[in-house]
Amino acid sequence: MHKRKNLNRIVVIATRNIKKRKEIEKLLGRRFNILTVNDISKCPNVEEDGKTFRANAVKKAKQVSHFTDYLTVADDSGLEVFSLNRAPGVKSARFAGSSQNDSKNIEKLLKALKNKKNRNARFVCSIAIAMNGKVLNTIQEYVYGHIGLVEAGRHGFGYDPVFIPNGYTKTFASLGEKIKNRISHRSKALKKTKKFLSDFFK
């Protein structure tokens, strides 16, 4: 593994999403100094046009890493509902249109599942780590569950108000941050990412 001297242990997260940044910072802990593309001058928005979560994560990590000397971590996450042919999939954030409106996305999802008996689903998180345009590692994790009949809870974002993980009776949004950050797809992927980063900065 090629290592770059970085005494400040700076890691760039390829996102402009403030909620995602906060969640990632908590999951990675205080061992790293987190920046986002908002902190990188002239860093363009990356079009997420891949057919898989991994493809989108890799594209974002590689492109953003060209604009910084630091390790770049990119993730692409979303919801797959099995009875909907794994939709919304890579279009999770834009399921109801380009506005990326969580409420509208959930509304469309619940309508699509109205007459479906099978409401089983999973969240997917794919992470790519890159430097200077070269991918150093990729990680993919899941959490399985089902889609509830109505929205419930005020925590989290995205589809958290309707996703009920296996082994629980409440949605991610109702269970709260502590439980979600222990069992979620992103937490599983970021635990592996944290180990990679720790080894990288040794």
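Remarks
- Grouping the Cα pair distances of the stretch 108-166 into 10 Å bins from zero gives a pair-distance distribution of 19, 40, 22, 15, 4 percent in increasing distance order.
- Listed residues VAL12, VAL150, VAL124, most fluctuating in the chain (Gaussian network, C-alpha, under 10 Å): VAL150
- Seen against the Cα atoms of the chain and their longest principal axis, helix 185-200 is set at about 10 degrees.
- Using a Gaussian network model of the chain in which every pair of alpha carbons under 10 angstrom is joined by a spring, one finds that among GLU47, GLU151, GLU80 the greatest mean-square fluctuation is at GLU47.
- Here the 3J(HN,Hα) profile of the stretch 137-152, calculated from phi with Karplus coefficients 6.51, -1.76 and 1.60 at θ = phi - 60°, is 6, 10, 9, 9, 9, 9, 9, 9, x, 8, 8, x, 7, 9, 6, 8 Hz, Gly and Pro shown as x.
- Relative to the longest principal axis of the Cα atoms of the chain, the long axis of helix 18-28 makes an angle of roughly 70 degrees.
- Spatial separation of Cα centroids for the stretch 1-73 and the stretch 132-175, in angstrom: 21 Å
- Most mobile listed residue (PRO44, PRO88, PRO165) in the chain, GNM with C-alpha springs under 10 Å: PRO44
- All other residues whose Cβ lies under 10 angstrom from that of ALA57 are scored, Lys and Arg at +1 and Asp and Glu at -1, for a net of +1.
- Neighbour net charge for GLY156 - beta-carbon separation under 10 angstrom, K R +1, D E -1: -1
- Mean separation of Cα contacts under 8 Å (6+ apart) over length of the chain, as relative contact order %: 19 percent
- Computed log₁₀ I(q)/I(0) - Debye formula, equal Cα scatterers, no solvent, the chain, q 0.15, 0.17, 0.18 Å⁻¹: -0.90, -1.12, -1.23
- Amide H within-cut-off set for LEU136, under 5 Å, with H built and near neighbours excluded: ILE129, ALA130, MET131
- Mean ellipticity per residue at 222 nm, deg cm²/dmol - from DSSP H runs of n ≥ 4 across the chain, formula -39500 (n - 2.57): -9000 deg cm²/dmol
- C-alpha long axis of helix 102-112 to longest principal axis of the chain, angle in °: 40 degrees
- Taking the DSSP bridge list for the chain and keeping only pairs wholly inside it, about 80 percent are antiparallel.
Quick note: the coordinates plus some simple rules give every number you see, no bench work behind them. Note that this is a predicted model, so its numbers are computed, not measured. Backbone-built Cβ (ideal geometry, glycine too); neighbour counts: all protein chains shown.
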